[in-house]
Amino acid sequence: MAAKNRSYPELEGWKNYNKEIFIGERGEAVYEKLVHSQFQIPKAGFVSGLVLTAETLFWNGIMGGMALFSKLRPAHPFGVGAEGTVRILDSKLPVTDFFKPGNVYKLKIRYSNSNQDDDRAYDARAMAVSFRDENDDSLLDLIAASGSKFFPFFNLRSFFHFALAQIGSFKIYLLSFPIHLAGIIDVLRKDPPSYSLIYYQPFLTYKLFTIKDGQFLVRFKIIPAGRDLEYGRLNREEQFKVWELINAPVVGDPRPKTYLRDELTDRLLKTPIEHILQIQLMPYEEDVPERVFNMGEPWNPFHFPWVDIAVITLTNPITDSQAEALRFNVSNLSGCLGFLPKSSYD
């Protein structure tokens, strides 16, 4: 039984066995070497800039071709949508115009699976959130994946390699760095009772501009309003064969393949669904270590506690055609949020 987890209460009773698995496959010496070198990022420069541009154009072409051929989104193609409101709480945080206590915004969201058209399969789950104004224009988009601490990629290059692993060998990719294995174990879900009972973490660290308190680095998290223990995480046996579970066919499960989408729609027709938007703040300094930008490395919640900043209330399901018409873009930011200075791949 895993120890009580005070930093991440949703993980109580659960353990990520990535270290034991990695050492069993590649040895302790390799693990110790890679765990200290896995986050090295190429310095910005002319050559690395050209490489980044070329790889970005290549993947834009791949994603566009996939969408054109399949008539589906190239990522997270199977999901369900809803609408409602988001209300900013009096969290005693540094003041901004956008996150002013009492502000209420329209909201549209889309829950989805990462790859699978079958909700019963092992897969990462996602929640895309769009704060809207009265004209239904986006004010802020947050794109989040299931998980609490890690991702199976941490910058553009590792994302490119992760995407290639979809058509190659996932085991090779997962055992290339410890963070890849830790991340896939953190994000994969099997048999969650509802999309709304999953904990979601957005992919990015942002800069927050306040009215009178200076600048901060911030991260967000979206949690169930009931702060339930999370179901659907991989048990120990599943973790030790995780590369076999990715894209594995579903066998002998009598539930509909759309059970998560059906549950969400049915429940919203009866009662609202609530989430809590949480925020972590770290004072921004010009010489802040580059690693604090890295979503593969969680901030210590004892030093930078998670604070409730808003209540998300979903009131109505939307049709499949309305959900598929939604577009979410990480560059849709409120005036108080911005991106960070970047090197070539961070």
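The values are calculated or read from the model by the stated rules, or taken from the named source; none is laboratory data. Keep in mind the model is a prediction, meaning the values are calculated, not measured. A quick note on method: Cβ atoms are made from the backbone with ideal geometry, for glycine too, and the neighbour counts reach across all protein chains shown. To get the accessible areas, we keep the full protein, side chains included, count just its heavy atoms, and leave off ligands, DNA and RNA. Shrake-Rupley method; radii C 1.70, N 1.55, O 1.52, S 1.80 Å.
A few points about this structure:
- Residue list for region 102-116, restricted to those being surrounded by fewer than 19 Cβ atoms within 10 Å (Cβ to Cβ) and among the charged types (D, E, K, R): K106
- Scope region 24-57; condition open to solvent by 50 Å² or more (accessible area, probe 1.4 Å) and at pLDDT 85 or above; matching residues: G24, E25, R26, E28, A29, E32, K33, H36
- Considering residues of region 176-223 that are of a type in the set (G, A, S) and in a loop (DSSP other than H, G, I, E, B) only, the residue nearest to L314 (Cα to Cα): S194
- A325 meets the stated requirement of being open to solvent by 40 Å² or more (accessible area, probe 1.4 Å) and of a type outside the set (S, T, N, Q).
- Any hit, region 226-237, residues being open to solvent by 10 Å² or more (accessible area, probe 1.4 Å), touching a Gly at 6+ places or on another chain (Cβ under 8 Å) and assigned to a loop (DSSP other than H, G, I, E, B): yes
- Of the residues in region 278-288, at least one is farther than 24 Å from H180 by Cα, open to solvent by less than 70 Å² (accessible area, probe 1.4 Å), not in a strand (DSSP E or B) and not polar (S, T, N, Q).
- In this structure, H275 does not qualify as over 25 Å from F162 (Cα atoms) and exposed (fewer than 12 other Cβ atoms within 10 Å of the Cβ).
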